[in-house]
1. Here are the criteria: (1) in a loop (DSSP other than H, G, I, E, B); (2) more than 10 Å from every other protein chain (Cβ to nearest Cβ). Tell me which single one residue A:100 does not satisfy.
2. Can you go through B:113, B:74 and tell me which one is within 14 Å of chain A (Cβ to nearest Cβ) and either at pLDDT below 95 or assigned to a loop (DSSP other than H, G, I, E, B) (or both)?
3. Residue check: is residue A:145 over 30 Å from residue B:205 (Cβ atoms), modelled with pLDDT under 95 and surrounded by fewer than 18 Cβ atoms within 10 Å (Cβ to Cβ)?
4. Could you check residue A:133 against (1) in contact (Cβ under 8 Å) with a residue 12 or more places away in the chain; (2) surrounded by 15 or more Cβ atoms within 10 Å (Cβ to Cβ); (3) under 22 Å from residue B:172 (Cβ atoms) and say which number it fails?
5. For the list (1) modelled with pLDDT of 95 or more; (2) under 13 Å from the mean Cα position of the chain (by Cα), I need the number of the one condition that residue A:120 fails.
6. Which one of B:149, B:187 is within 14 Å of chain A (Cβ to nearest Cβ) and surrounded by 15 or more Cβ atoms within 10 Å (Cβ to Cβ)?
7. Looking only at the stretch A:62-76, decide whether some residue is more than 12 Å from every other protein chain (Cβ to nearest Cβ) and surrounded by 13 or more Cβ atoms within 10 Å (Cβ to Cβ).
8. Hey, can you tell me all the residues within the stretch B:32-81 that are exposed (fewer than 15 other Cβ atoms within 10 Å of the Cβ) and on the phi > 0 side of the Ramachandran plot?
């Protein structure tokens, strides 16, 4: 577990995190390896984990009815996949597929939620880390829906 | 001296289709040599009987003989120009405007950030930097566009990447599952580019909203605002700072731009009335 704790704290998402909190979070962590084409999560399924990507690339996809999948984002080394564990009903809102061999740390969602409820310092530390990521994703989504490269995008 | 209001006759040389609605045209002067230009400048291209439009130069400044312009069919004039075939005639005024700071950037890392067709006005600067590669530190090109089929100058980027002394990251806004590259907006690539922000000059070109997000992301990683340059676009008419159509705050884009330093415009960039 000490090795896992070191890996968790070395991930950019947890950069600068207090070692004590890192130890608590690492108690909910486990290693994953996803072969190309394997899914980290499917839309609608319980969001039981979120993932710190260590190596590889993950495509986030939505499948419109009757159409092929659309990749709307990729995450690679240093990124995180999944925020649905934070918000009820705790279900994936997209598919997450490994594009190439991907190594990740999975953080057990219920385990971490329970620890956040028990220790609001931990909960606040998690919120401070997730909110900038969510804001960045919101900005990026705004830029994408503006379709700035389309014929009338300017 | 040539009257800047009088278009000079040019003949269309080679034409190359880049994308479904984007063409690159070589324009050869009917008489004499074409005037020199600097990376970042533009010409006013006149489709006879239809109208005139400002189009950035997209060719190598060191390659004489012709002007190269990459034109997207987005309106009556640009559409007429994009549909011209080899041998057709058109009028050219220029070159006009300010240049990318390829000279002052010597000794620094250089980061080019291009969105969509914005790669075309940056290409002359890329040619110039690569031609004198030893004068610069790291050279990074970050390119974003709508989807994989819309990647501009794809073969050229592949060739630059093979040089091994240029870091190129490409992303698209969305893709199907056959695409194995990055998906996401181009500012996202900045954090991954790994340049030294205190010794870097950034040159950014693309839709204005994309440039705003990009400049913001560049400053977030520590790049000073006076080392970021954007290529602005407004409705250029006279192209010599007289008519006022392209006024942008205290400046005219045609003569004080199109390449402008970010610290000079950051306060008015998001002002709707400007």
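1. (2)
2. Just one listed residue meets the conditions, B:74.
3. No, not satisfied.
4. All conditions pass for residue A:133, except number (2).
5. (2)
6. After applying the criteria, what remains is B:187.
7. Within the stretch A:62-76, none of the residues are more than 12 Å from every other protein chain (Cβ to nearest Cβ) and surrounded by 13 or more Cβ atoms within 10 Å (Cβ to Cβ).
8. Result: B:32, B:49, B:51, B:65.
The values are calculated or read from the model by the stated rules, or taken from the named source; none is laboratory data. This one's a predicted model, so the numbers in the text were calculated from it and none came from an experiment. In this analysis, Cβ positions are derived from the backbone assuming ideal geometry, glycine residues included, and neighbour counts consider all displayed protein chains.
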